[in-house]
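For reference, the structure discussed in these notes is given below.
Values in this text are rule-based calculations from the coordinates and carry no lab data. All of these numbers come straight from a predicted model, not from anything done at the bench. Cβ placement follows ideal geometry from the backbone for every residue including glycine, while neighbour counts extend to all protein chains displayed.
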Number of protein chains: 2
Amino acid sequence: MATPNDHAHAFQSPRGTRDFYPLELARRRWIENKWRTTAVRHGFDEIDGPTFEHLDLYTVKSGDGIVSELFSFTRQGGETRFALRPEFTPTLARMAAARANALPKPTKWFSIGPYFRAERPQRGRLREFLQWNVDVIGDDSPEADAECIAACIGLLEQVGFTPEDAQIRIYDRRVLETMLVVGLGISPTKIEKWFNWIDRREKYSKKERVESALDFADNEQQVLDVETILGGPTTKEELDKLRREAQDRNLGALAEQAGEAGQQLVQEHLLQAAEQFGRTLSELASLGLSDWVVADPSIVRGLAYYTGTVFEVHEATGAERAIAGGGRYDNLIELFGGPPTPAVGFAMGDVVLSLVLQDKGLMPSDEQIASDLGLRPDAFVIPTAETEHLVKPLVARLRREGMHVRHTHKSTRNVGKLLKEAGNAHARYALILESDSVCSIKNLDANEQADNVPIEEAIARIAPPGRS
Amino acid sequence: MATPNDHAHAFQSPRGTRDFYPLELARRRWIENKWRTTAVRHGFDEIDGPTFEHLDLYTVKSGDGIVSELFSFTRQGGETRFALRPEFTPTLARMAAARANALPKPTKWFSIGPYFRAERPQRGRLREFLQWNVDVIGDDSPEADAECIAACIGLLEQVGFTPEDAQIRIYDRRVLETMLVVGLGISPTKIEKWFNWIDRREKYSKKERVESALDFADNEQQVLDVETILGGPTTKEELDKLRREAQDRNLGALAEQAGEAGQQLVQEHLLQAAEQFGRTLSELASLGLSDWVVADPSIVRGLAYYTGTVFEVHEATGAERAIAGGGRYDNLIELFGGPPTPAVGFAMGDVVLSLVLQDKGLMPSDEQIASDLGLRPDAFVIPTAETEHLVKPLVARLRREGMHVRHTHKSTRNVGKLLKEAGNAHARYALILESDSVCSIKNLDANEQADNVPIEEAIARIAPPGRS
């Protein structure tokens with residue numbers, strides 16, 4: 001049997017995880033509450049899955065390469081491989097597939113819970129973190145994209161951000177793909193490599209950036225051309241111009257040149273994607289949300305399963321990692337055994353959000369959070385030497401009636417000191433028991449005291465409405 | 001890369017885990033909310049730790065034997081062994097030890113989160129479950145035991161149980177230990193084996209029960225004598241009698257016979273434990289909770305770290321596993337590197353609690369739960385053919401103002417059908433937009449409709465107080 005001294009590291013939380021003492025836990029709950037109330041107001045229903053899944057659920061979509069990024073395990077003596085969930089979308093797709101025929105269209109779901117990545121911890125990235133997932137399932141319209149993004153913006157507003165603090169950077173992968181294939185003649189078979197490079201390119205130095213692209217680019221000029229396109233059309237007018245220009249070209253020849261994939265690209269992506277992306281932007285405008293949104297062709301997202309709209313929320317100066325990210329994934333639910341089902345969603349973690357809120361001074365004070373979460377005691381009961389035996393039975397009764405009541409555990413009977421303790425606990429009222437029938441009641445917010453109040457009258461004054 | 005057809009089990013949740021669709025998630029949140037509000041009212045502060053810990057945190061206390069009951073893992077290429085947490089107490093002891101000098105006495109903490117056991121799933125036991133942990137740290141008094149138990153009873157009351165539905169079975173390990181050593185002459189070195197047997201004995205058949213005890217019992221008569229003691233003293237009067245009887249014996253001879261351990265047993269346990277256990281029972285009585293409590297010497301709890309009071313909550317007929325269990329663990333925080341710190345606490349899982357609530361018809365209806373959780377839409381906005389374009393901007397505005405608002409995603413404009421959809425969504429009000437300035441407002445609970453209401457007036461009527 002191991003002894004404590006053999007294993008000093010057993011007394012710390014694992015690297016990249018967090019201990020939440022009461023103040024940290026209250027801040028975490030403040031964020032969770034903002035996530036939950038925002039999603040509910042926007043008409044989403046809460047769901048959740050297991051904290052771990054079959055490992056296959058993640059390799060089906062992402063290949064075995066993902067295993068090194070996961071915490072995976074078997075049961076002792078068992079063969080089935082499990083993994084701590086690194087993201088929610090595969091669970092959601094599995095759950096949607098299992099009930100596909102019974103779900104209304106659209107189905108609007110959200111979830112809040114812990115997620116895990118076996119990465120090196122760094123600023124904004126931990127091994128265990130909380131994540132809010134918001135998804136609209138069974139609706140392929142640009143309006144569904146906007147509905148999802150509106151919920152994301154709703155959260156940004158709820159925590160006190162303005163469009164000067166944070167922005168939604170949005171684009172449509174199909175539009176970018178079309179620009180790369182039709183505009184630059186890049187082979188559709190190389191698009192995934194280009195997307196991965198685009199997603200990572202801000203992490204490279206300028207020299208590394210070009211070099212890393214030359215692994216698959218035709219030549220250095222092509223890399224520069226792609227960079228130019230990433231500064232490409234962002235307004236509705238520019239998007240319309242792109243469509244007209246491309247339509248003016250010889251689409252048949254382009255399609256032939258690119259094979260079947262190219263044909264689909266030209267037909268579906270070029271003629272539909274730019275129009276649909278324009279509609280998403282228009283819908284956001286009609287919801288009064290244009291100030292929050294910037295079209296940005298360099299947003300592609302790393303995950304392979306996105307099929308159209310992709311977006312990220314960034315702190316306006318770009319100082320931190322993305323606060324949130326998401327997009328449309330129209331093929332995933334089918335991949336997990338359901339009928340073809342379009343879907344769009346996003347995820348927001350608590351780590352970067354907390355960093356940005358703190359940087360901007362938007363995280364409320366601990367007192368404000370305690371008040372927001374309903375954690376303030378309704379009353380703090382103080383005895384005199386004669387009424388000490390009455391305190392605990394009264395406290396027990398008030399708790400049973402739905403009140404949050406505290407009392408001292410100290411031996412002092414100095415009323416001044418105990419009033420101070422009541423104030424430190426942020427209690428709304430102090431009840432000083434003068435006898436078994438009469439008390440003084442002090443409103444600690446207003447600093448007003450009334451003496452010789454019958455106890456039942458004082459209790460009626462303290463009781464918050466509708467508590468039981 | 002695996003393909004879906006290779007791995008059909010990837011499309012189900014792992015055995016012993018649960019998918020929470022909206023109705024199941026709402027029931028889970030109803031229980032979590034009852035746990036949280038009860039703990040807060042009783043003056044406990046919420047904390048949490050990581051979902052996984054260093055494996056050593058569990059083997060330090062329980063030995064390597066526990067590893068087969070855990071889901072343990074390493075990072076790919078890493079050496080450090082981690083385990084999904086099977087219980088909260090080691091995390092709590094680690095966290096208390098780390099801040100021991102800064103914590104007030106007592107420190108009252110609770111936590112709510114997922115826990116994991118690599119066991120065969122069965123009724124009342126899953127591989128992933130939720131658990132509520134409630135602990136009083138830094139107070140060795142019987143009153144602290146009672147404070148903890150009072151919070152547990154507070155929860156039972158909050159979910160609608162009466163003492164006819166569920167009972168706290170409580171005892172003190174030291175009292176039982178004294179009865180076994182002083183009364184029956186059992187060696188103190190064999191007490192842990194006896195406790196394990198007592199904890200498991202109801203799972204054996206009568207024949208197996210005696211046989212399994214003969215592995216360490218002196219003879220069959222001793223097993224029968226222990227069984228008799230398990231029906232032993234349960235009232236304050238009986239406990240006092242036990243003390244007097246034992247004091248009348250030759251304590252010195254007993255102590256010498258049992259060595260150092262026996263001496264401590266006689267001095268500390270016999271003279272203090274029965275008195276302290278009596279005080280715990282008296283304190284519960286003075287809080288008006290006697291009806292909930294039954295002293296029962298057969299309650300010892302399986303875990304080795306309990307040092308005094310132990311208790312379990314059982315459905316009154318004993319039909320299910322324990323709803324909750326806990327006790328005093330005065331040595332554990334010191335074991336994890338803190339100063340000597342007494343502590344008492346309990347844990348309640350969601351699985352057995354849910355089963356018992358459902359069996360007794362105490363789980364509220366889904367409508368009631370939606371109402372309790374504040375999930376009912378404040379309004380459902382319905383357009384006419386002329387006002388369709390006004391719906392989404394209005395909905396977006398009301399959500400921004402803090403209201404939970406829904407609208408149809410169907411193409412029908414039949415007001416009757418849409419009112420039905422509003423009712424199915426449990427909305428409080430339907431707003432039928434007649435023009436950009438006037439609407440009909442229908443109170444769906446009262447089934448009362450007012451026509452030609454200015455929209456701003458209707459909104460003011462809908463807005464719940466204090467929402468923002």
Looking at chain B, send over the antiparallel percent of its DSSP beta bridges, to the nearest 5. 80 percent
Sites residue B:66 and residue B:365, calculated FRET efficiency, Cβ-Cβ separation with R0 25 Å, nearest 0.05: 0.05
Measuring from centroid to centroid over Cα atoms, what is the spacing of segment B:430-451 and segment A:287-343 in Å? 37 Å
Beyond 15 Å, what share of the Cα-Cα pairs of segment B:72-128 remains, rounded to the nearest whole percent? 65 percent
To the nearest 20 debye, the protein assembly as shown has a Cα-centred charge dipole, built from +1 on Lys and Arg Cβ and -1 on Asp and Glu Cβ, of 220 debye
Whole-Hz ³J(HN,Hα) from phi, Karplus 6.51 cos²θ - 1.76 cosθ + 1.60, for segment B:412-417, glycine and proline x: 5, 10, 6, 4, x, 5
Cβ-derived FRET efficiency at R0 45 Å, residue B:32 paired with residue B:461, nearest 0.05: 0.90
Need one number: convex hull volume per residue for segment A:150-228, Cα atoms only, in Å³. 123 Å³
For peptide A:53-66, how many partner chain Cβ atoms fall within 10 Å of a residue's Cβ, on average? 4
Between residue A:207 and residue A:436, what length comes free when the chain is fully extended (0.36 nm per residue of separation minus the Cα-Cα distance, one decimal in nm)? 74.3 nm
At each listed q (0.06, 0.07, 0.09 Å⁻¹), what is the log10 of I(q)/I(0) that the Debye formula gives for chain A modelled as equal alpha-carbon point scatterers? -0.39, -0.50, -0.74
When the expected Rg is taken as 2.2 N^0.38 Å, what fraction or multiple of it is the alpha-carbon Rg of the protein assembly as shown? 1.07
Placing +1 on each Lys and Arg Cβ and -1 on each Asp and Glu Cβ in segment B:52-166, then taking the dipole about the Cα centre, the residue among B:100, B:121, B:74 whose Cα reaches farthest towards the positive end is B:74
Taking segment A:322-468 on its own, what percent of its Cα-Cα pair distances exceed 20 Å? 60 percent
Rounded to the nearest 500, what is chain A's calculated 222 nm mean residue ellipticity when only DSSP H runs of at least 4 contribute -39500 (n - 2.57) each, over all residues? -11500 deg cm²/dmol
Which whole-Hz couplings ³J(HN,Hα) result when phi for each residue of segment B:69-81 is put into the Karplus expression 6.51 cos²θ - 1.76 cosθ + 1.60, θ = phi - 60°, listed in order with x for Gly and Pro? 8, 10, 8, 10, 6, 10, 6, 4, x, x, 10, 5, 9
Could you quickly flag the chain A residue whose beta carbon comes closest to the rotation axis taking A to B, and that distance in whole angstrom? A:73, 2
Cα lying deepest toward the dipole's positive end in chain A, options A:154, A:464, A:419, charges on Cβ: A:419
Return the percentage of antiparallel bridges among DSSP beta bridges fully within the protein assembly as shown, rounded to the nearest 5 %. 80 percent
State which entries of A:34/A:108; A:193/A:241; A:61/A:105; B:61/B:207; A:420/B:108 exceed 29 angstrom in Cα-Cα distance in the structure shown. B:61/B:207
Volume per residue, Å³, of the convex hull around the alpha-carbon atoms of segment A:29-128? 134 Å³
